[in-house]
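Input: a single structure, listed below in structure tokens.
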Amino acid sequence: MSDENIIILGSGMAGLGAAHHLHGAGVSSRMYDKNAFPGGHTATFAHDSGFIFDDGPHISFSKDPRIQDLFASNVGGKYEKLQAYVNNYYHGAWVKHPAQANLHNLPDELKTQCILDFIEASKQEVVEKPANYLEWLISVFGETFGTHFPAVYGKKYHTVDADQMSTVWMGPRLYRPSMEEVIRGAVFAETPDVHYITDFRYPTEGGFISYLKPFMEKTDLHLDHKVVAIDPVAKTVRFENGVTESYDKLISSIPLPDLIPMVKGAPQSVLDAAAKLACTTCVTVNIGLARDDFTPATWTYIYDEDIVFTRLSFPHKMSTKTCPPGCGSVQAECYYSNKYRPLDVAPEDLIQPVIDDLVKIGLITEDEEILHKDARLITHANIIFDLDREEALPIVHKWLDEVGITYVGRFGEWGYQWTDEAFKSGERGARTVLETLQAV
Ligand SMILES: Cc1cc2nc3c(=O)[nH]c(=O)nc-3n(C[C@H](O)[C@H](O)[C@H](O)COP(=O)(O)OP(=O)(O)OC[C@H]3O[C@@H](n4cnc5c(N)ncnc54)[C@H](O)[C@@H]3O)c2cc1C
């Protein structure tokens, strides 16, 4: 193994993707993370109550056979292969996902208006370069569906109004049904599955982190090392615990708005641009129940503005080994952001409102036996694709290129990356670093 003095910041999917690639090339690396546990977003927490919850709900729906094989071999082939059943909750109605192709359970008047507007929208060309997400939604789905469903859910999830968002993040996330699908979905209760995630995998034992553990052996991992300063000229990284390390090459998966102020010499224009990058904060509330029969869904989207959570996932559906025998669990995601919807309570203060709202939507009963409850704060959850991002991001990335800091992952590239994409982003970062080393 050749010793090239490469430092990787962050032990999530991206940092581990970088370490995996370097190791495969016979190059050693050192990895540092501020947390006392590895894995970043993909960390898993096993509680004394017998319930296991991931940091946020995580499943692997990678379609890349190489990643599928890597993850499978990391868990010795012990993973669950599951079909997703996804539904929506809209003001008392349970609607199969995607709602636009499953209007059946909605009130007649709303359903009719959705169809009429969809017919109108279908007569027009889809706006090729929409000014914002709302314009795109209306052009694709029609006014009624666009404004009652994805625009409302988007505000709950991204914390910002649809007319303040760009459309660069969407990819296959929003399904556009044919006219036949809309009409059949309004008339028939049963419809074919068309969600972009139909089947997925999850480790049988130990939660999502099990997929990552063998990657951690491919680097020299140091936890409890919070970076507080980087000098890109002296090529040093200083940590909160007083340790300073030097590097030849630096790969970072630290969120850009946190990273830039720590880098010595960052110009004001770059500091200003980094400060404009916004992401959501998520409080996950984890509930363990004495039964497992309270929902047919793998996960559920919630549209109502007066309900505290945006999405519910059910870890016992991913693997029954995440709960004591016969038990079930709920992971509720509640979204905030410093820029648009500041969180003004402690995460624990959301536990009771989540339980109350689970009762309100009829998922659990008022006297439900609750065996576990806890709340976790995810400070950086999803990138907000507001209109500021498009202008600010190239300024930040250009400067990091100039000072030789390779940025990777969801919060380095500042994109809507899933686990496999973050891992591959880390691999790409490692490849870039190796190329520059060979060029010297
Ligand atoms: C609620 C939620 C649900 C999700 N569900 C799925 C899913 O089902 N499937 C899927 O494929 N993807 C899912 N994702 C996306 C997935 O979590 C990310 O794509 C991926 O984990 C990002 O990995 P990363 O390494 O880029 O970032 P992270 O995992 O955030 O890693 C960054 C690391 O940097 C460390 N760090 C930060 N600041 C410092 C510092 N100053 N000093 C030292 N270390 C620092 C952090 O502690 C962290 O470990 C979900 C994301 C969220 C938020």
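Some notes on this structure:
- Here the condition is being in a strand (DSSP E or B), crowded, with 16+ Cβ neighbours inside 10 Å and modelled with pLDDT of 95 or more; of 71, 53, it holds for 53 alone.
- Among the conditions (1) in contact with a helix residue (DSSP H, G or I) (Cβ under 9 Å, 6 or more places away or on another chain); (2) outside any loop (DSSP other than H, G, I, E, B); (3) within 25 Å of residue 22 (Cβ to Cβ), residue 438 misses just one, which is (1).
Rundown of residues vs (1) farther than 27 Å from residue 130 by Cα; (2) at pLDDT 90 or above, yes/no style:
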position: 171; (1), (2): no, no
position: 174; (1), (2): no, no
position: 180; (1), (2): no, yes
position: 188; (1), (2): yes, yes
position: 194; (1), (2): no, no
position: 202; (1), (2): yes, yes
position: 207; (1), (2): yes, yes
position: 217; (1), (2): yes, yes
position: 226; (1), (2): yes, yes
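- Candidates 354, 345, 308, 359: the one that is touching a strand residue (DSSP E or B) at 6+ places or on another chain (Cβ under 6 Å) and without any contact (Cβ under 8 Å) to a residue 60 or more places away in the chain is 308.
- For the range 251-294, residues that are farther than 30 Å from residue 233 by Cα and either within 16 Å of the ligand (Cβ to nearest atom) or buried (at least 20 other Cβ atoms within 10 Å of the Cβ) (or both) total 10.
- Unique match (being assigned to a loop (DSSP other than H, G, I, E, B) and at pLDDT 95 or above) among 427, 368: 368
- Members of the range 26-59 found to be near the ligand (Cβ under 9 Å from one of its atoms) and among the hydroxyl-bearing types (Ser, Thr, Tyr), listed by number: 32, 42
- Pairs, first under 25 Å from residue 158 (Cβ atoms) in the range 263-278, second part of a loop (DSSP other than H, G, I, E, B), C-beta under 7 Å, six or more apart: 278/339; 278/384
- Condition check for residue 234: more than 16 Å from the ligand (Cβ to nearest atom), within 30 Å of residue 126 (Cα to Cα) and touching a residue at least 12 places away in the same chain (Cβ under 8 Å): no
- For the range 415-431, filtered to residues that are among the hydroxyl-bearing types (Ser, Thr, Tyr) and near the ligand (Cβ under 8 Å from one of its atoms), the residue that is farthest from the chain's Cα centre (by Cα) is 425.
- Taking first residues from the range 86-107 that are on the phi > 0 side of the Ramachandran plot and partners that are surrounded by fewer than 20 Cβ atoms within 10 Å (Cβ to Cβ), the Cβ contacts under 8 Å between residues at least 6 apart in sequence or on separate chains come to 91/304.
- When each of 375, 422, 392 is tested for being closer than 23 Å to residue 202 by Cβ, hydrophobic (A, V, I, L, M, F, W, C), crowded, with 20+ Cβ neighbours inside 10 Å and at pLDDT 95 or above, the lone residue that passes is 422.
- Cβ-Cβ under 7 Å pairs, at least 6 apart or on other chains, the range 142-163 side touching a residue at least 24 places away in the same chain (Cβ under 8 Å) and more than 19 Å from residue 116 (Cβ to Cβ), far side surrounded by 20 or more Cβ atoms within 10 Å (Cβ to Cβ) and of a type in the set (Lys, Arg): 161/155; 162/155
- Residue in the range 1-25 that is nearest to the ligand (Cβ to nearest atom), counting only those that are in a strand (DSSP E or B) and surrounded by 17 or more Cβ atoms within 10 Å (Cβ to Cβ): 9
The values are calculated or read from the model by the stated rules, or taken from the named source; none is laboratory data. Just so you know, these numbers come straight off a predicted model, no measurement behind them. As a convention, Cβ positions derive from the backbone with ideal geometry for all residues, glycine included, and neighbour counts pool all protein chains shown.
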